[in-house]
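The values are calculated or read from the model by the stated rules, or taken from the named source; none is laboratory data. Not measured: the values here are computed from a predicted model. All Cβ positions, even for glycine, are placed from backbone atoms using ideal geometry, and neighbour counts span all protein chains on display. These area figures cover heavy atoms from the full protein model, side chains too; ligands, DNA and RNA do not enter into them. Shrake-Rupley method; radii C 1.70, N 1.55, O 1.52, S 1.80 Å.
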Amino acid sequence: MKPPFSLSAHLFASEAATRAHLESVAQAGFKQVELWAMIPHMDYGDGRRVREVGSWLDELGLRPVSFHAPFYAHLEEARAGRWLSLAHPDEIVRAETLRRVETALRAMTEIGAKVAVIHPAAPGRAEI
């Protein structure tokens, strides 16, 4: 029996998720997808948007097997070297990171993701 392979939505990380992105995943023969819960790709704090992505997954027969929890606030922040970090020495920064990760966990669980990939520390300087 072949192991089930997934495709990471990280391929589309620089753009807001669209149905066309997920269609291309399904058309390539994948049955599972790893979601990318980071902005601009997925605004995990927008419940309407999360439900919309969930409905696309259902329509296309894709199972959201896992997701990457946020380790940057926005892709532009990551490009500037500013990262979210659960291991940051500043309690306020850690608390904000934890808030974002918890929000993403709730959102991704709502649409069926069972596995969370969490990076407890960030590369370089770990700042928001």
Carbon and sulfur %, accessible surface of the chain computed with the full protein complex present, 1.4 Å: 56 percent
If each of His10 and Glu52 carries a label point 7 Å out from its Cα toward its Cβ, how far apart are those two points in nm? 2.6 nm
For the chain, report the accessible area per residue in Å² (1.4 Å probe, heavy atoms, rounded to an integer). 55 Å²
What share of all Cα pairs of the chain, in percent, falls into each consecutive 5 Å distance bin? 2, 12, 21, 24, 17, 12, 8, 4, 1, 0
So if I restrict to the alpha-carbon atoms in the stretch 1-58, what is the Rg, and what is Dmax, the biggest pairwise distance, in Å? 11.5, 39
Which is farthest toward the positive dipole end of the stretch 9-128 among Ala104, Leu84, Thr18, measuring Cα position about the Cα centre, with Cβ charges +1 (Lys, Arg) and -1 (Asp, Glu)? Ala104
Mean separation of Cα contacts under 8 Å (at least 6 apart) over the residue count of the chain, i.e. the relative contact order in percent, is 26 percent
Distance cut-off 14 Å, percentage of C-alpha pairs in the stretch 49-107 lying past it: 64 percent
Virtual spin-label span in nm between Thr103 and Ala116, 7 Å along Cα→Cβ: 1.4 nm
